Structure formats: C-alpha cells, structure tokens
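Have a look at the structure below, then the notes.
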Amino acid sequence: MRRQLRTGRGVAIMTAVALVVFVGRALWVNGIVASVPTGFAGSCKTQASVPGIEDMEAAGGKVFVAVASARGPDGRDGIYVLKDGKLSKLAGTPKDFHPRGISIFHGPGGGLYLFAVNRRSSGRFSIDSFEIAQDGTALTPQGTIEGGLLTDPQDVAAAGPGAFYVSNNSAKSNLTRQLAGYGVLPGSEVLYFNGMTFKSVADGLYGARGLLLAPDGTHLLVASLTTRSIKSFDRNVFSGALTEADSLTLAVAPEKLSLDSYGQVWAAGHANLFHWRAFAADPQARDSSQVFRVSLLNGVPQDSSQIYGNDGSEIASASVAVSSAQGLLVGSSLDNKLLNCTTR
C-alpha cells in the first residue's frame, strides 16, 4: 500500500511539474511579461492606406508589396509596387487573389519572377508564380501549384525558376492546432517543391512563418513565431534537403523576414501575442510594433538590434519591414497602412 501511495504521489508530482513547464513555456513564448521600448531615430509618415500588408520584398530598385488583410478578403488585394514614392497595383493576377507571402527570384538573364502564397476566398491555397515586366508595371502568370500538403501555407521562398520552399501549418485536429498556436506543441513544417512534387524537408517546428533564402544560397532562414527566434537551416542546393544549423532568439515573436542590399535581415514582430490576438479580434485594441535588424555570418543569424518601436499609435501589430533606398517601410496585415520611415 505504501509503495502504491509513493508511486501515485510521484506520478502526481511529475504531472504537476510537466503542467508548470507547459504553462510557463506558453506564457513566455506568448510574451506575457514582454515590454516594448519605443522610439526611432528619424521620422515616419503614412505612405499609403491599404487593407493590410502581408509581405514586402525589394528588387530592381522597387519594393513589391503583397496587399491583403488577415481579417478577410478585400477587392483591393493584390501585388503592388512602390516606385518613386507611388504605390501602384500590378495587373496580371487572378481574379480571386489574396497574397499571404511573396518571394522574388532573380533569373539568370536578369528577369524577375514573383512567387506568392494565394489564399482564395474559398479557403483553398495555391502557390502562384509570375514574371515581372521589365518596367515593373505588370505581371505575366507562369503557373499555379496546388497540393494536399498545402494545408495552411504562410510564406514562400523562391529557390529556382520552378523550385521553392513553403512554411506550412500542419496540425491536423482543432485541439492540436490551438495548442500549436499558443506554442505548447509544434505544428509547423517546411515543404520543398522541386518543380514536380512537394515533400516535407523540416517538420516538428513551432510557429513557422516567414521564410528567406540567405544570400549565400546554402541556408534557409525561418521565422519561428512561437519560439521567438529565427532559425537557420543548412540547405542542399541539389536536393533541397534541410538540416537545422542554429537559431537566434529575439525580443519579439517574428512574422515575415526581408533582406536589404547589405545582406542584413529585417524582422517585424509582436512583443505580446495575447495583445496581437486581441487586435486581430478587435481593431480598436491596437497593439505595439517592433522592427529589428539582424546580422548574418555565413547564412547564420548572429545578433539583433531594435530599429523601430511604437506603442501602436503610429502603426499597430507590424508584421513585415523592408529597408531600401526608398526608406524603412513597415507594414501590418492587421492595420490599414504602409508606413515609410527615414532616418535623420
């Protein structure tokens, strides 16, 4: 009897410890005690009013902007280009087109090709590709890729004329999806499309969001929302296979990643994911914004520094930032503006 009591007591203690660990992890990754240093060494203005900005990427002296709201489809959704201070919508996309993430491939002949995660009004997903006109004013459709593995794609990283990586929420049940959303369980993967088929090349990930191919071409960077980090994977350029290399913890939960002309990574994210979810549910519950610059060494993130911080009055829940000759552009999938910041 005493042995049974000791065994029962041990199981109860182990269960309690496990529960404390799970709860503690959930509170930490969701930023329950996170603070937001505010400030920017310059000034910002609203560049344009749009339904929301899911992603941005600079190429060819222009910035391409994926306009769509995380709150739902809008007739203004599409791919836009910012050139000479003007934001213009590009023709050539399908009628039912709501881009969630984009990536640009530089072709060997100097041409630019844009890949986009498209979440259709029906809830179905596809990866659509386009050739960008030389003057940057239009898109020519190249193809649409669908597949059963695309359960909830978040972002795409072009790896060749017809090859790309996709971050994908892979949790099957509603309970698993909810637990993964709070960082209690993993529930994400990275898929690779080799021109013919999809395959999973990294699984068991926590909150995989933004993807970025490092300048050396041999590393893939993954923004992990629910580990508050950027993970680096060694990449086999022939097979597309990934091997986890290292990671860098940030003061925020990052969403999308971008690369500047100096080879530095820019990440925007959320200090407190509870506040972020509250803003998603109620547009009046504005959330803070932070933007970080991350240095790389041989494709691996080394350190980060906050460049922009705001309490949400200027822009709320920033999810992507791009540094280019046109300024530091900051966007949010939940706020209806594109912010342009310049240093003094």
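All of the numbers you see were taken from the coordinates with simple rules; none came from a lab. Not measured: the values here are computed from a predicted model. Every residue, glycine among them, receives a Cβ derived from its backbone with ideal geometry; neighbour counts consider all protein chains shown.
Listing for the model above:
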read-out: Ranking of 274, 64 by count of other Cβ atoms within 10 Å, fewest first; value: 274, 64
read-out: In sequence order, calculated HN-Hα J values of region 178-192 (Karplus, 6.51, -1.76, 1.60; Hz; x Gly/Pro); value: 5, 5, 5, x, 9, x, 6, 10, x, x, 10, 8, 10, 9, 10
read-out: Mean projection area, nm², convex hull over Cα of the chain; value: 19.2 nm²
read-out: Residue among 143, 109, 101 with the largest mean-square fluctuation in a Gaussian network model of the chain, springs linking Cα atoms under 10 Å; value: 109
read-out: Whole-Hz ³J(HN,Hα) from phi, Karplus 6.51 cos²θ - 1.76 cosθ + 1.60, for region 55-64, glycine and proline x; value: 6, 8, 8, 8, 6, x, x, 10, 10, 9
read-out: Relative contact order (percent, whole number), the chain, Cα cutoff 8 Å, 6+ residue spacing; value: 17 percent
read-out: Candidate lysines - alpha carbon under 16 Å from residue 89, same-chain residues fewer than 8 apart omitted; value: 62, 337
read-out: Most to least packed among 72-82, 161-171 [average Cβ atoms within 10 Å]; value: 161-171, 72-82
read-out: Summed side-chain charge close to residue 259 - residues other than residue 259 whose Cβ falls under 13 Å, Lys, Arg +1, Asp, Glu -1; value: -2
read-out: Ranked 276, 266, criterion: other C-beta atoms within 10 Å, fewest first; value: 276, 266
read-out: Rounded FRET efficiency, nearest 0.05, which uses the C-beta distance separating residue 344 from residue 174 and R0 of 56 Å; value: 0.70
read-out: Label point distance in nm, residue 311-residue 138, each placed 7 Å from Cα along Cα→Cβ; value: 4.9 nm
read-out: Label-point separation, residue 35 to residue 280 (7 Å along Cα→Cβ), nm; value: 2.7 nm
read-out: Alpha carbon centroid spacing (whole Å) that separates region 307-344 from region 45-95; value: 14 Å
read-out: Whole-angstrom gap from region 172-232 to region 97-162, using each part's C-alpha centre; value: 18 Å
read-out: Residue order, fewest to most surrounding Cβ atoms within 10 angstrom, among 260, 128; value: 260, 128
